[in-house]
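The values are calculated or read from the model by the stated rules, or taken from the named source; none is laboratory data. Since the model is a prediction, treat every value here as computed from it, not as a measurement. As a convention, Cβ positions derive from the backbone with ideal geometry for all residues, glycine included, and neighbour counts pool all protein chains shown. For accessibility, only protein heavy atoms count, side chains too; no ligands or nucleic acids. Shrake-Rupley method; radii C 1.70, N 1.55, O 1.52, S 1.80 Å.
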Amino acid sequence: MYSDIFLLATAISGVLALAALRLGLPAALAAVAAMLLFLVPGKGALAALPYVGEVSVSMGYHKLPFVAVSVILGLLVALYSPPYLRHLGAPNWYYGVHALYVLSLVYVVLFDNLVFVFLALELSVITSFLLIWYFGYGNRRFVALLYFVWAQVGSMLFLIGVALSGSFSAGAFAAAGLASLLVLMGLLIKMGTAGVHFWLPYAHAEAPTPLSALLSPVHVGLMAYWIWRLRAGAGWPLDDLFIYGLATAVYGSLLVFREADFKRALADSTIANMGLLLAAASMRDGAISYAATAILFVGHAFAKAALFMLAGLYIVSLNTRSIGEARWDRRLLAAGALGFVALAGLFGINLIGKAYVATGVPPSLSAAALAVFALVSTAVYSLYLFNQMYRAGEGEVEYPAAMYAAVLAAAAAPYLLLLALPLWLA
């Protein structure tokens, strides 16, 4: 039964993650690699609890992209991290917290009991909070507290909404009125959409860069999965959410143009991409909505992780985060071009995801105009950043090979996955 596999994978990953608090990278890599066991398909019940009901877990077609990307990027970021953590002077326990953070992201998707989804979200908040508090930039403790408070508000609204609904199983979720609204508001806050996004540019920009590479594309992106998963029972106004998602994409894109800090610009761009993900999760046709959500999540996750890791490479090598001070050689230029073109959706699987979103535009001229603006603006800011980033020109940059290899692997993934897309969607 899948419950046995789940418990086995949890035991191995958990023990190794705790060992990584002292042993560092080797134990952390083993812990995250052990999470591949979660990808075995199946469904099982762990327990039956009073009031909360059955605590079930499952892995299937709809969950696979979200869990697989979380684990694969968790491994890539861990391999990327050693030179960066030496630059920060971070101790070995960073790797243990990293492994527990990746485990929490996997749990967010695997649990079908919404109370345990909340607990997984809490684990993800606590682990990421610790890494920002101890290893972030600037006024890191203020940023960590800002992130923690907003994350807790989102989590608590989600939990209160679930409790008011009385529906603790995702498969049988049904909510109306205040309960439905609270669940939605909780997810939108944790996603960082327009109007409830204020915490996001601070947290994602000032987090240690290996954390940014997971926090920005994966952690917040998983909320789109839950919006798609719960929408049928929640009765949310999908057309209005779709329009709000497009407006968020435009707003986030415009924010990018104000920035002189590369990490801050990437953080703003996450707001734009969360808008596209929200629009994808809100499309009327459930099957097309899922395809758009999954494809955009995967494409954005790899492209954004690659660009955050590229930012970290420049921080280590040139000690700069300023747009326009990053010199390039041919290898860095190639990795940057791959990442920015994928993020723009000009090629790679994000292009297919954007095409799916375009098919779901409500039948009105204003909605169509907004959709065009959203889809174009999210491409324009990427090309703008690419141009601005390398305006300092060519020059010699010395950087660790392991960091570059991780950047290149993540940047190339959206194009390689395009080849496998027909099999995925079959």
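Excluding ligands, DNA and RNA, what is the solvent-accessible area per residue of the chain at a probe of 1.4 Å, expressed in Å²?
I get 35 Å² per residue for this part.
When +1 charges are put on Lys and Arg Cβ atoms and -1 charges on Asp and Glu Cβ atoms, the dipole computed for the range 171-315 relative to its Cα centre reaches about 160 debye. Only Cα pairs within less than 10 Å get springs; with that Gaussian network setup on the chain, which residue of Gly195, Gly324, Gly221 has the largest fluctuation? Evaluated over the chain, the most mobile residue of the options is Gly195.
May I have the convex hull volume per residue, in Å³, for the Cα set of the range 239-290? Could the numbers behind the result be given before it?
On the way: hull volume 2.6 nm³, N = 52.
Considering the Cα atoms of the range 239-290, their hull volume per residue is 50 Å³.
Rounded to the nearest 500, what is the chain's calculated 222 nm mean residue ellipticity when only DSSP H runs of at least 4 contribute -39500 (n - 2.57) each, over all residues?
On the way: 17 runs with 313 residues, N = 426.
Rounded to the nearest 500, it is -25000 deg cm²/dmol.
Considering only Phe135, Ala409, Leu145, the residue lying farthest towards the positive end of the dipole of the chain is Phe135, judged by Cα position with unit charges set on Cβ. For Lys63, the lysines whose Cα comes closer than 24 Å to its Cα, not counting residues fewer than 8 places off in the same chain, are Lys43, Lys190, Lys304, Lys354. Enter the Cα centre distance for the pair the range 227-249 and the range 296-372, rounded to the nearest angstrom. If you average the Cα positions of each part, the centres end up 23 Å apart.
The relative contact order of the chain, computed from alpha carbon pairs under 8 Å that lie at least 6 residues apart in sequence, is 14 percent.
Which shape class applies to the range 355-426: rounded if a/c is under 1.5, otherwise prolate when a/b exceeds b/c and oblate if not, where a ≥ b ≥ c are the square roots of the Cα gyration tensor eigenvalues? Oblate, since a/c reaches 1.5 and b/c is not below a/b. Comparing mean-square fluctuations of Leu16, Leu159, Leu130 from a GNM of the chain with C-alpha springs under 10 Å, the top value falls on Leu130.
What number, in percent, do you get for the relative contact order of the range 124-259 if the mean sequence gap of Cα pairs under 8 Å and at least 6 apart is divided by its residue count? Relative contact order here is 27 percent. Contact order for the range 255-308, expressed relative to its length and based on alpha carbon pairs under 8 Å spaced 6+ residues apart, stands at 30 percent. Rounded to the nearest 20 debye, the dipole size of the range 1-156 about its Cα centre is 460 debye, using +1 on the Cβ of Lys and Arg and -1 on the Cβ of Asp and Glu. Taking the protein heavy atoms of the range 222-310 in the context of the full set of protein chains, the accessible area attributed to carbon and sulfur is 62 percent at 1.4 Å. Only Lys, Arg, Asp and Glu carry charge here, each on its Cβ (+1 for the first two, -1 for the last two); on that basis the chain has a dipole of about 240 debye about its Cα centre.
Residues considered: Gly233, Gly275, Gly348. Largest GNM mean-square fluctuation over the chain, using C-alpha springs under 10 Å, is found at Gly233. Translational diffusion of the range 214-369, estimated by Stokes-Einstein from the Kirkwood radius over alpha carbon pairs at 25 °C in a medium of 0.890 mPa s, is 152 µm² per second.
Using the scaling law 2.2 N^0.38 Å as the reference, what is the normalised Cα Rg of the range 277-426?
Details: Rg = 16.9 Å, N = 150, 2.2 N^0.38 = 14.8 Å.
Against the empirical 2.2 N^0.38 Å value, I get 1.15 for the range 277-426.
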